[in-house]
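A.B. asks: Handing you this structure, nothing more for now.
The values are calculated or read from the model by the stated rules, or taken from the named source; none is laboratory data. This is a predicted model, so every value here is computed, not measured. Note that we place each Cβ from the backbone using ideal geometry, even for glycine, and neighbour counts take in every protein chain shown. When the accessible area is computed, the model is the full protein with side chains, heavy atoms only, and any ligands, DNA or RNA have been set aside. Shrake-Rupley method; radii C 1.70, N 1.55, O 1.52, S 1.80 Å.
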Amino acid sequence: MSDPDQFDLEDLSLLDLFRIEAENYTRILDKGLVEVEANQSPEKIEPLMRAAHSIKGAARIVGLDIVVSLAHAMEDVLSQAQKGGLRLTSHHIDLLLQGNDVLSRLSSTEISLIPSWLAEEAERIEGLGLAIRESEKGGEAMVEKEKSPQPTPVPAAQPVDVPLQEKAVVKSPAKPVEREEGSVRVVSGNLNRLMGLAGECLVQANLTKPFTSSLLKAKNLQMELTSELEGIFNSMEKKSGRRAIRERLGGTLRELDQIRSLMGEHIESFELFTRSLERLADRLYCEVLEIRMRPFSDGVIGFPRMVRDLSRELGKKVNFRIIGEATRVDRDILERLEAPLTHLLRNAVDHGLEGPEERLQALKAGEGSLILEARHSSGMLHISVTDDGKGVDMEKLRAKIVRDGRVPPEMASTLSAGELLDFLFLPGFTTASKVTEVSGRGVGLDVVLSMVEEVGGSVRAESEQGKGTSFHLYLPLTLSVVKGLVVDIGREPYAIPLARIDRVLNVAREDLEVLEDKQFYTHENEHLGIVDAHQVLDTAPSDAVSPELRIAVISDRLNRYGLVVDGFLGERELVVIPLDVRLGKVPNVSAGAILEDGSPALILDVDDLVRSIDNLLTHGTLQRVGGKSEHHGSARKRILVVDDSLTVREVERRLLEKGGYEVMVGVDGMDGWNLLQGGGGFDLVISDIDMPRMNGIELIRRIKSDPRLRSLPVIIVSYKDREEDRVKGLEAGANYYLTKSSFHDEGLTNAVRDMIGEP
């Protein structure tokens, strides 16, 4: 290797290009080497040999001699295998992967640190290169796993790739690397702004349509005026009017005729310009949108290697396949998929798939099947992880749910398979019987659900005992554009994402039924609870009374409701405009958009809507569709209980209602905050601390910083009984701190009476 002290650090651009090229080729090697272990056809090996060859050539250009030697050794082994002179064993693959780890680590190292890092790792890299060469000769030289340089995680890159001219690619003098296109790095913030500008350009281009209509209207008015003047002129000629007036009218008519001709030419030209501008804006928008899209393969490069290493560690045989690698995925979604898909795949290998002996006893092939698939379906991105393992034992899962206190035994016995599997997605829920390095640490599938909900998607699990398990993720194709149904609510446009609408209905008012003072509609043997959008969004009700109700049916994982709106304005493809972060989380709203006519619209958050509707239906504060708002017919004091545990919520609610108070519940901190923002008129808040989306401490701080709510008393009820936890809660603004052990006596009701008095 070249002396690090003599390394030319001034030529940074060349090294940067080398790192980009090395990063691309190490990805090819990492994925391809795992595939070659199962299929050693020359066609599979050839691109891997070329990748090693290209890295060797690029390293020689920038003077990294030790890297040249390592890449050369890898190239020779792969070349021998391609020619049929060497059968690659797991030992060969292990060594080649270790070599690729070195190259991958090098591509992620800062340029200024490359010389010192290579100097420190020189002995290990040379030993690894020697071991690879010895393996080619059939020798037994090995490199201990712990001595091999371990790759460090590469942080998620902010830049994205867009086309660049051929001249930017570093080429090996031995054999030039031919590429159709290279890449440049673009800061993601700039790309997001470009996306926004392209969307605005598209909207502005559409605004020329009414301008064209206005010109045509002016032309028609001008023609009518001309016709009137012609009539006056003809009348004056018959009556032999004054010659001067006739001459002036004649001149006016000639000028109007010229104006008409000129206007016609301009309108025709403007129409051509408008169509051209619309096409150009549409092409620009589609092109920018396409830049945001990347093939699914870009986000799953490391998965074959991970599954291989994990299955070998667990002593299992796994045939892992990725289907739909060319499927286009939004860049932001692709970056968020790594964590949830990693969890699903590791779960499948560890929990789902059996070992070879167990599979043979179950009359299955000794090698398990694991499939990761991505495809576009019904305007959504559908990603599935499917294994043919032992599946989920529903009765064991049912017993686990009861044992954890999630639901009472009598309720658990009535749960369907789909409802049981939904518990897998709860925070902290795990079915692992022991803690391992792979799984069983209490980090459940909630990480998958959280990511999916963040982007406005949904997730579903399916399992059949003895045959396998599938997890299905349904995600939007892009976060930049949403297909939505624009609805009229109080003469204002709102958009509901089409992916979250189950169906739309036109229902006669007399077809609504009432049970226990709550309205519902029966559709296909399903009773849909009906709620007025005006009440959910706290907007003024419409004065117009239509004989038919426009209903959008929306749902989450557990509930389905009918949202009554004033009208359907049609489907639109909307450019998503994030709300200003200073607004915080706006209840029931996820983002904004600009309609074709330039008017703003709010995109509704369906999950928030469903929770809001559920609270209205559950606690009897719902007003009739078309009826007047009735706020709190009871004079009882109202308490908001916020806790993510169903059991705790029910215990607190029953205890307080028995004491004579009116109680409403929130399923987490964000839900509680939305209820408070909705003007519920509460006299007291009782909150847990550890909750998803927004914890209790943050909820209390928001309450105490809101001028309308700061005087509202808050009681913390938590399992945490350490003094520092108590101090932290009181410092946030809580008025009282109780532990959940207080449920066994009158501690909670006594604290409530101390704070707000008798009900």
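A.B. asks: Rounded, prolate or oblate: pick one for the stretch 351-413, where a ≥ b ≥ c are the square roots of the eigenvalues of its C-alpha gyration tensor, a/c under 1.5 means rounded, and failing that, prolate if a/b is larger than b/c, else oblate. Provide the component values of the computation, followed by the final result.
C.D. replies: On the way: a/c = 3.70, a/b = 1.20, b/c = 3.08.
Here the stretch 351-413 falls in the oblate category.
A.B. asks: Still on this model: About the Cα centre of the stretch 630-727, what is the dipole size in debye to 20, counting +1 per Lys and Arg Cβ and -1 per Asp and Glu Cβ, all else neutral? List each step's numbers first, then the result.
C.D. replies: On the way: 16 positive and 18 negative charges, 76 e Å.
Roughly 360 debye, rounded to the nearest 20.
A.B. asks: Here's another thing I want to ask about it. Got a sec? What order do Ile322, Ile489 fall in by accessible area at 1.4 Å, biggest, i.e. largest, first? Provide the component values of the computation, followed by the final result.
C.D. replies: Numbers: Ile322 35, Ile489 5 Å².
From most accessible down to least: Ile322, Ile489.
A.B. asks: Dipole magnitude of the stretch 285-373 about its Cα centre, charges +1 at Lys/Arg Cβ and -1 at Asp/Glu Cβ only, in debye to the nearest 20?
C.D. replies: On the way: 14 positive and 16 negative charges, 42 e Å.
In total the dipole reaches around 200 debye.
A.B. asks: How would Met223, Met306 rank on accessible area, largest to smallest, probe 1.4 Å?
C.D. replies: Working: Met223 80, Met306 35 Å².
From most accessible down to least: Met223, Met306.
A.B. asks: Answer with one residue from Pro356, Thr327, His382: the one whose Cα lies farthest towards the positive end of the charge dipole of the stretch 308-404, charges on Cβ with Lys, Arg +1 and Asp, Glu -1.
C.D. replies: Pro356
A.B. asks: With each label point set 7 Å from Cα along the Cα-Cβ vector, what nm distance links Leu197 and Ser108?
C.D. replies: Using points 7 Å along Cα→Cβ, the separation is 3.3 nm.
A.B. asks: Where the only charges are on Cβ atoms (+1 Lys, Arg; -1 Asp, Glu), what is the dipole of the stretch 312-353 about its Cα centre, to the nearest 20 debye?
C.D. replies: Value, rounded to 20: 260 debye.
A.B. asks: While we're here: I need the shape label for the stretch 677-759. Rule: rounded when a/c is under 1.5, else prolate if a/b > b/c, else oblate, with a, b, c from the alpha carbon gyration tensor. Intermediate results must be reported in sequence, preceding the final value.
C.D. replies: Details: a/c = 1.79, a/b = 1.13, b/c = 1.58.
Because a/c hits 1.5 or more and a/b fails to exceed b/c, the stretch 677-759 counts as oblate.
A.B. asks: Related question: Could you tell me the calculated FRET efficiency between Thr226 and Asn559, based on Cβ-Cβ distance and R0 = 45 angstrom, to the nearest 0.05?
C.D. replies: Working from the Cβ atoms, E equals 0.10.
A.B. asks: Next question. With every protein chain kept in place and ligands, DNA and RNA left out, what is the accessible area per residue of the stretch 302-386? Probe 1.4 Å, answer in Å². If you can, show how the numbers build up before the last one.
C.D. replies: Working: 3670 Å² over 85 residues.
Dividing the accessible area of the stretch 302-386 by its residue count gives 43 Å².
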